[in-house]
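Notes to accompany the following structure.
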Amino acid sequence: MKASKIAYRPVGLALGAASGMIAGAAFKQAWKMIGHDDDAPDATDEDRTWQEILLAAALQGAIFAVVKAAVDRAGATTVRRLTGIWPG
């Protein structure tokens with residue numbers, strides 16, 4: 001494994017944790033606007049419809065994927081700017 005990849009690993013882990021928190025907050029806000037409710041449904045919520053549960057899951061997955069990709073790309077770009085080496 002390349003040294004740059006090994007050196008980037010702790011940075012990637014920290015960015016992953018940060019992106020999870022950012023995505024969670026973004027999903028919560030998006031659900032409040034779309035679902036008109038403070039809490040998104042869980043898959044086992046008996047009082048929620050299939051449509052509502054699947055919409056929440058799809059929205060959550062999309063938000064997490066976009067935020068993760070944006071944070072990972074920004075981290076790699078920053079490392080390249082600082083070191084001159086792409087960490088991948």
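Bear in mind these aren't lab numbers, they're just calculated from the coordinates by the rules spelled out. No experiment lies behind these values; they were computed from the predicted model shown. Heads up, the Cβs are rebuilt from the backbone with ideal geometry, glycines too, and the neighbour counts pull from every protein chain shown.
If R₀ is 25 angstrom, what is the calculated FRET efficiency for the pair Val66 and Lys5, using the beta carbon separation as r and rounding to 0.05? Once the sixth-power term is evaluated, E becomes 0.55. Modelled spin labels at Trp50 and Met21, positioned 7 Å past Cα toward Cβ, are 3.9 nm from each other. Charged neighbours of Leu13, selected by a Cβ distance under 15 Å, balance to +2 (K, R count +1; D, E count -1). Calculated from the alpha-carbon coordinates, segment 1-50 shows an Rg and a Dmax of 17.4, 52 Å respectively. Helix 3-35 and the long axis of the chain differ in direction by around 20°, with both axes built from C-alpha atoms.
Relative to the current alpha-carbon distance between Leu13 and Gln29, full extension at 0.36 nm per residue lengthens the span by 3.3 nm. Using the Cα coordinates of the chain, the gyration tensor eigenvalues translate into equivalent-ellipsoid semi-axes of 36, 12, 9 Å, sorted from longest to shortest. The sum of -39500 (n - 2.57) across all DSSP H runs of n ≥ 4, divided by the residue count of the chain, sets its helix-only mean residue ellipticity at 222 nm to -28000 deg cm²/dmol. Note that segment 49-63 has calculated 3J(HN,Hα) couplings of 7, 4, 4, 5, 5, 5, 4, 4, 5, 5, 5, 4, x, 5, 4 Hz, one per residue in order, obtained from phi through the Karplus relation 6.51 cos²θ - 1.76 cosθ + 1.60 (θ = phi - 60°); glycine and proline are x.
For the chain, the set of trypsin sites (Lys or Arg not before Pro) satisfying both a DSSP loop assignment and a count of at most 13 other C-beta atoms within 10 Å is given as Lys2.
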